[in-house]
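Visitor: I am attaching a structure below and will ask some questions about it afterwards.
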Amino acid sequence: MNMMGINVKRSLIFFSICLNIGFILLGSYYYFKGGTENRWHEGVPKERKYMAFYRKLGLSAGQEVEIKKLLKDYLDEQSRMRTENIDLHKQLIYILAGERKPDKEKLNQILRRIVALKKNREQATVEHLLKVKALLTQEQAKKMFSKILLHCGKEER
């Protein structure tokens, strides 16, 4: 009876291990199968990702050079604001975590700066798109904004 109990335990452990491996393989299959078309750009530098987007518009060599310059300035500005935003969020968390009764005025000051940064980032994006649009033909601009609209719909899901 004791030997039979050991065999049952071994069988259950073996079955449990096989089941876990099966779940991992199944999950990996659906993870990699389902989303690769939406994650092609992960790990790709932003400039390369955006230039690939712009090239799909059929840019001339001159347009590409000018858009590259605009894009570099835009991404530098976005990076600076993103870094400041991260620092502000860290400050917010340190205040919330550290003090029993956090200074609400200090919290509100940080939140106001975060909101202002968000506004500035959105304004910088609109200004960048307007500058790029000025370099494009009417057909290219229409194509660009259509692609952006399609992308916006995917982000919300």
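Visitor: All but one of (1) at pLDDT 95 or above; (2) of a type outside the set (Ser, Thr, Tyr); (3) touching a Pro at 6+ places or on another chain (Cβ under 8 Å) hold for GLU127; state the number of the condition that does not hold.
Guide: Of the numbered conditions (1) at pLDDT 95 or above; (2) of a type outside the set (Ser, Thr, Tyr); (3) touching a Pro at 6+ places or on another chain (Cβ under 8 Å), the odd one out for GLU127 is (3).
Visitor: Please determine whether any residue of the stretch 80-93 is assigned by TED's automatic domain parsing to the domain that holds LEU57 and closer than 16 Å to LYS56 by Cα.
Guide: Pass one, the stretch 80-93, residues assigned by TED's automatic domain parsing to the domain that holds LEU57: 80-93.
Applying the additional criterion that residues be closer than 16 Å to LYS56 by Cα yields none.
The answer is no; no qualifying residue exists.
Visitor: Let me ask something else. Under 9 Å between Cβ atoms, at least 6 apart or on separate chains: pull out the pairs that start in the stretch 125-150 with a residue that is farther than 15 Å from LYS68 by Cα and end on any residue that is among the charged types (D, E, K, R) and not in a helix (DSSP H, G or I).
Guide: Pairs found: LYS143/LYS56; MET144/LYS56; LYS147/LYS56.
Visitor: Inspect the stretch 113-130 for any residue being surrounded by 11 or more Cβ atoms within 10 Å (Cβ to Cβ), under 19 Å from GLU47 (Cα atoms) and of a type in the set (Ser, Thr, Tyr) and give the result as yes or no. Reasoning before the result, please.
Guide: So the first thing to find is which residues in the stretch 113-130 are surrounded by 11 or more Cβ atoms within 10 Å (Cβ to Cβ), and the list is 113-114, 116-118, 120-121, 124-125, 127-129.
Okay, now just the ones that are also under 19 Å from GLU47 (Cα atoms), so 121, 124-125, 127-129.
This time we only want the ones that are of a type in the set (Ser, Thr, Tyr), so: 125.
Yes, the stretch 113-130 has at least one match.
Visitor: Only one residue in LEU71, LEU57, LEU75 is surrounded by 15 or more Cβ atoms within 10 Å (Cβ to Cβ), assigned by TED's automatic domain parsing to the domain that holds ILE148, more than 18 Å from the chain's Cα centre (by Cα) and aliphatic (A, V, I, L, M). Which one? Quick ask: steps written out before the conclusion?
Guide: Values: LEU71 fails: more than 18 Å from the chain's Cα centre (by Cα); LEU75 fails: more than 18 Å from the chain's Cα centre (by Cα).
Of LEU71, LEU57, LEU75, the one residue that is surrounded by 15 or more Cβ atoms within 10 Å (Cβ to Cβ), assigned by TED's automatic domain parsing to the domain that holds ILE148, more than 18 Å from the chain's Cα centre (by Cα) and aliphatic (A, V, I, L, M) is LEU57.
The values are calculated or read from the model by the stated rules, or taken from the named source; none is laboratory data. Just so it is clear, the structure is predicted and the values come from calculations on it, not from any experiment. Using ideal geometry, Cβ is built from the backbone for each residue, glycine included, and neighbour counts are taken over all protein chains shown.
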